[in-house]
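Everything on this sheet refers to the single structure shown next.
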Amino acid sequence: MILSHSAHKGIQMADDAPSPVKSADPSSPAIQTVQRAAVILNAFTAARPRLSLNELTASLGTSKATAHRYTKALRESNLLRYDEREGLYSLGPQILTLSAAARAAMPVISIAGPRMQQLVREIDETVVLSVWDGDTAVVVRADDNTDRVIRVSVRTGSRLSRTESAQGRVFCAFLPEADVPGLADEIAASAELRREVEKIRRTGISANTPSANGVRSIAAPIFRGSTLIAAMAIVGTTTSVPEGTDSPLAIALQRVAALVTAELGSGGNGHHPPVGSNGHR
């Protein structure tokens, strides 16, 4: 789901309304304006999608009046929206447009696209590509042009559970622990999740995730060098997508993920170098 809005208004938010500054000095008013706008936008997460002015003021570390001026300018640029009834802010529609543009510019999407289409033709199941957005896995491409009577469609932009989805668990297994907020506590609280994350690190595939509503997915990591940058998954029904790491679908998925990894320049086989139990090399 992508909402498009044409918003090209400038953002003038510095406290003293300075004239344009050419200096690259990070303490200059113009750069401070950009930094403060970024702080406000970065305050929103999947766990905290709606924030009050008091919460934004605390994140910004300024007076409430200053925070209000920044939120007003961001609203005028459609980067924020405001619910007057509840007095809460959320990210605006222009964020979706920028997000779509950012995803389109990712090399992994253009490289993985033809491989995903080929895999769909080979296995006749939906194939999905996701990247990490700092909090969870987000779908950036989905190919579901299968011939099945019952097929599973996944929307681009969908946010996936990081502990219940196959792709989310791939990121939990191969990202540095610090890049997955709260992961240590979630693993400590779930023996099943801990065992599965360790298995994914050994085998290079997530193939035993909980099924929901008759849907099952398996996922494999895609690297650039030694850095995890995406996860590719096969999504289908529990009847058509078997569990286990040695099924024909799992083997085909790993092969394609390895090809994309190689094309991205690692020259590797798609399996991450061994890591310790805490996710660090």
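Here is a yes/no grid of residues against (1) in the same structural domain as Met116 (by the TED database); (2) of a type outside the set (A, V, I, L, M); (3) within 23 Å of Phe223 (Cβ to Cβ):
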residue	(1), (2), (3)
Val138	yes, no, yes
Arg141	yes, yes, yes
Thr146	yes, yes, no
Arg169	yes, yes, yes
Ala178	yes, no, yes
Val197	yes, no, yes
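Out of Tyr82, Tyr89, one residue alone is touching an Asp or Glu at 6+ places or on another chain (Cβ under 8 Å), farther than 16 Å from Ala231 by Cα and not in a loop (DSSP other than H, G, I, E, B). It is Tyr89.
Note on region 204-227: residues that are in contact with an Asp or Glu (Cβ under 9 Å, 6 or more places away or on another chain) and not in a loop (DSSP other than H, G, I, E, B) total 4.
Among the residues of region 161-170, the ones that are closer than 20 Å to Ser99 by Cα, surrounded by fewer than 23 Cβ atoms within 10 Å (Cβ to Cβ) and not hydroxyl-bearing (Ser, Thr, Tyr) come to 0 in all. Could you please let me know if Thr126 is crowded, with 22+ Cβ neighbours inside 10 Å and of a type in the set (Ser, Thr, Tyr)? Judged against the criteria, Thr126 is a match. Kindly indicate whether any position in region 149-167 is part of a helix (DSSP H, G or I) and within 20 Å of Ser226 (Cα to Cα). There is at least one residue in region 149-167 that is part of a helix (DSSP H, G or I) and within 20 Å of Ser226 (Cα to Cα).
Considering region 228-264, and only residues there that are in a helix (DSSP H, G or I) and touching an Asp or Glu at 6+ places or on another chain (Cβ under 8 Å), the residue that is surrounded by the fewest Cβ atoms within 10 Å (Cβ to Cβ) turns out to be Ala252. Go through region 134-153 and report how many residues are touching a strand residue (DSSP E or B) at 6+ places or on another chain (Cβ under 8 Å) and open to solvent by less than 70 Å² (accessible area, probe 1.4 Å). Counting residues in region 134-153 that are touching a strand residue (DSSP E or B) at 6+ places or on another chain (Cβ under 8 Å) and open to solvent by less than 70 Å² (accessible area, probe 1.4 Å) gives 11. The criterion of being farther than 20 Å from Ile109 by Cα, out of contact with any Leu (no Cβ under 8 Å at 6 or more places or on another chain), touching a residue at least 24 places away in the same chain (Cβ under 8 Å) and open to solvent by less than 30 Å² (accessible area, probe 1.4 Å) holds for Ala173. Here is the figure for region 142-190: residues that are more than 20 Å from the chain's Cα centre (by Cα), at pLDDT 90 or above and of a type outside the set (A, V, I, L, M) total 2. A Cβ distance below 6 Å, combined with a sequence gap of six or more or placement on separate chains, defines the contacts here; from region 55-78, residues that are under 18 Å from Thr45 (Cβ atoms) and without any contact (Cβ under 8 Å) to a residue 24 or more places away in the chain reach residues that are of a type in the set (Lys, Arg) and open to solvent by 60 Å² or more (accessible area, probe 1.4 Å) in the pairs Thr57/Lys64.
The values are calculated or read from the model by the stated rules, or taken from the named source; none is laboratory data. Everything numeric in this text was worked out from a predicted model, so none of it was measured. In this analysis, Cβ positions are derived from the backbone assuming ideal geometry, glycine residues included, and neighbour counts consider all displayed protein chains. Quick note on the areas: whole protein, heavy atoms, side chains included, nothing else; ligands and nucleic acids left out. Shrake-Rupley method; radii C 1.70, N 1.55, O 1.52, S 1.80 Å.
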